[in-house]
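The values are calculated or read from the model by the stated rules, or taken from the named source; none is laboratory data. Treat the numbers as computed from the prediction; the structure is a model and nothing was measured. We place every Cβ from the backbone using ideal geometry, glycine too, and count neighbours over all the protein chains shown. Accessible surface areas use protein heavy atoms only, side chains included; no ligands, DNA or RNA. Shrake-Rupley method; radii C 1.70, N 1.55, O 1.52, S 1.80 Å.
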Amino acid sequence: MTQEKVDLLIRGGYVLTINSDDQVFPEADIAIQGDKILAIAPKLDVDAREIIDGEGKVVMPGLINTHMHETLPRGICEDLPLNRWLEEICFPLDRSYTHEIMMASAMMNQAEMILAGTTTFIDIYRYPGACAEVAVNSGLRAILAPQIMSSPVGVGESVDSAEAFVAEWSGSKKHERVIPAFGPHAPYSCTPDDLDRIAELAMKYDTPIHSHLSETLWENETIRERYHSTPAEYYDAHGILSKRLSVAHGVHLSDSDMDLLSRLGVSVIYNPTSNMKLASGIARVGAMQQAGINVCIGTDSNLSNNNLDLWEEIRLGAILQKLATSDATVLPCSQLLRMITINGAKALGLDDQIGSLEPGKRADLILLDLSKPHLWPQIREAKNNTIEQLVYSANAADVSHTIANGKVLMADRQMKTLDLKDVEQKVILAARQLMANAGFSK
Ligand SMILES: [Zn+2]
């Protein structure tokens with residue numbers, strides 16, 4: 001048989017494809033050519049320029065973090081209710097970023113995600129141009145939604161600054177891994193006029209829209225007072241609800257809101273840690289799924305989580321739903337893995353390219369090292385426990401390799417695209433500057 005030479009071969013791993021049949025290969029090779037998966041099969045007869053030994057490891061699609069903000073500080077605003085958390089800490093910080101501070105912040109966030117096995121993320125925050133530059137260099141797939149706030153002024157991006165970013169990264173700076181998007185912050189912080197413009201611009205540039213929706217009861221009451229509708233109905237009245245929209249939280253969606261979102265193809269992102277920590281409430285994930293909504297999982301920001309570890313997020317998210325519904329059967333393990341892979345890809349309209357391991361798709365994948373006591377024993381007999389071990393016992397540090405678009409971003413826990421020592425120095429200086437700009441320094 002002729003020997004083909006491929007760019008990268010992952011040999012002998014336990015492969016979870018997360019394809020439509022949740023196909024598992026107990027031992028298979030994955031051949032990667034350029035940015036794509038060429039073949040997945042046991043004992044591929046190919047030669048490769050680079051080989052990664054998958055023995056004793058799980059190989060699965062790269063994780064998709066469908067809601068986060070690339071913020072810099074953490075641990076400085078604990079134990080506050082959402083309104084004080086926003087007004088006393090977040091807003092002064094949000095208005096104090098500069099392009100340079102954001103560069104350092106994006107490097108830190110993207111390094112943390114690579115180390116945790118995330119290969120695609122949706123960021124809704126400030127200075128998206130800085131985040132985009134960092135993503136080009138880090139190797140991650142980034143969906144960047146400038147966080148638009150009509151009020152208070154200066155805390156977020158404006159429709160104009162967002163359009164300038166989208167135009168630039170859809171045009172002269174277009175990059176295959178950077179997808180510009182529009183990010184109306186929330187129903188209570190965006191005016192009807194701004195929402196109308198965002199809906200129009202998203203169609204014009206054919207971009208995703210990402211937002212927060214029905215996070216708190218306060219939000220629902222405020223929108224009821226202002227517009228006599230639910231937050232979802234308010235967005236619908238301004239053309240925001242469509243397949244291109246994904247929304248974080250959805251904690252206080254009514255049954256009819258869920259029907260509306262389902263009918264219009266809106267995806268919802270469940271953020272259990274953030275919702276618990278800010279005491280926002282418990283999203284009705286089962287009801288959303290029953291209504292036919294595509295539900296994904298995100299970490300939210302380092303200010304409300306305080307990490308970007310999707311492994312922790314699925315574990316807590318599942319346990320919380322079981323407790324809240326008094327039903328231990330909700331959110332089974334295989335479903336949780338889909339929520340941080342293929343469902344995220346669907347939310348972005350990228351499910352034909354990423355989210356599962358299939359020949360022809362982009363080579364976005366990760367390896368997890370199972371050779372640790374907290375992941376023992378791996379049982380491969382009748383009662384196989386690998387997926388369950390990942391959901392309930394694994395953590396970010398178990399990810400040994402992260403590969404995005406065919407490029408190795410981390411191998412054996414060593415970063416390949418970002419220099420962590422350099423990033424740490426930049427983060428220390430940026431944090432000092434940000435705190436001073438926000439008036440938090442002595
Ligand atoms: Zn958020």
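What accessible area per residue comes out for region 1-120, rounded to a whole number of Å², with a 1.4 Å probe?
Numbers: 4810 Å² over 120 residues.
Using a 1.4 Å probe on heavy atoms only, each residue of region 1-120 averages 40 Å².
So with the 1.4 Å probe, I'd like the accessible area per residue for region 301-442, rounded to whole Å². The partial results should precede the final answer.
Numbers: 6310 Å² over 142 residues.
Accessible surface, normalised per residue, equals 44 Å².
Using only C-alpha positions, report the orientation-averaged shadow area of the convex hull of region 294-420, nm², one decimal.
So the mean shadow area of the Cα hull is 9.8 nm².
By how many nm would the segment from THR191 to ARG49 grow when fully extended, if each residue of separation counts as 0.36 nm and the alpha-carbon distance is taken off?
Extending this stretch completely gives an extra 45.7 nm.
For every helix of n ≥ 4 consecutive DSSP H residues, a contribution of -39,500 (n - 2.57) applies; sum these over the chain, divide by its total residues, and give [θ] at 222 nm rounded to the nearest 500 deg cm²/dmol. Intermediate values should be presented prior to the final figure.
Values: 15 runs with 154 residues, N = 442.
It comes out at -10500 deg cm²/dmol, rounded to the nearest 500.
Please give the FRET efficiency for HIS374 paired with ASN137, using the beta carbon to beta carbon distance and R0 = 25 Å, rounded to the nearest 0.05. Spell out each step's value before the answer.
Working: r = 33 Å, r/R0 = 1.33.
Taking R0 as 25 Å, the efficiency between HIS374 and ASN137 is 0.15.
Simple spin-label model, 7 Å along Cα-to-Cβ: ASP352 to LEU420 in nm?
So the label points at ASP352 and LEU420 sit 3.9 nm apart.
Sequence-distant or interchain residues sharing an amide H contact under 5 Å with ALA248, placed H: which?
SER211, HIS212, LEU213, ILE269
Where is the GNM fluctuation largest for the chain (alpha-carbon springs, 10 angstrom cutoff): TRP169, TRP376, TRP85?
Of TRP169, TRP376, TRP85, the Gaussian network model singles out TRP376 as fluctuating most.
For the chain, which whole percent of the accessible surface, found with a 1.4 angstrom probe, sits on carbon and sulfur atoms? Walk me through the intermediate numbers first.
Details: 9020 of 17330 Å².
Reported share for carbon and sulfur atoms: 52 percent.
Which parts of region 330-367 would a label at ASP21 reach, counting a residue when its backbone N lies under 15 Å from a point 7 Å out along Cα-to-Cβ?
The answer is 357-359.
Taking the simple approach of a point 7 Å from Cα along Cα-to-Cβ for both ASN307 and HIS175, what is their distance in nm?
Inter-label distance under the simple model: 2.7 nm.
For region 383-442, what does the relative contact order come out to in percent, with C-alpha contacts under 8 Å and a separation of six or more? All intermediate terms of the calculation are to be shown ahead of the outcome.
Working: 24 pairs, mean separation 8.7, N = 60.
With pairs under 8 Å counted, the relative contact order is 14 percent.
Viscosity 1.306 mPa s, temperature 10 °C: give me the Stokes-Einstein translational D for region 309-374 in µm²/s, with Rh taken as the Kirkwood radius over C-alpha pairs.
Numbers: Rh = 13.7 Å.
The diffusion coefficient I find is 116 µm²/s.
Would you calculate the separation in nanometres between label points at SER158 and GLN290, each defined as 7 Å from the Cα along the Cα-to-beta-carbon direction?
So the two model labels end up 4.7 nm from each other.
What does the highest-first list of 106-114, 234-242, 171-179 look like by mean Cβ count within 10 Å? Please report the intermediate quantities before stating the final value.
Working: 106-114: 25.6, 234-242: 20.6, 171-179: 14.6.
My ranking of the peptides, most packed first, is 106-114, 234-242, 171-179.
Cα-Cα pairs above 13 Å in region 376-420: how many percent?
Working: 636 of 990 pairs.
Here the tail beyond 13 Å accounts for 64 percent of pairs.
Roughly how compact is region 57-158, stated as its Cα Rg over 2.2 N^0.38 Å to two decimals? Intermediate results must be reported in sequence, preceding the final value.
Values: Rg = 14.5 Å, N = 102, 2.2 N^0.38 = 12.8 Å.
Compared with the compact-globule rule of thumb, region 57-158 sits at 1.14.
Quickly rank 132-139, 252-259 as a protection proxy: mean count of other C-beta atoms within 10 Å, highest first.
Working: 132-139: 20.5, 252-259: 18.8.
Final packing ranking: 132-139, 252-259.
Please compute P(r) over all alpha-carbon pairs of the chain, binned at 20 Å starting from zero, and give each bin as a whole-number percent.
Going from the shortest bin to the longest, the percentages are 27, 58, 15, 0.
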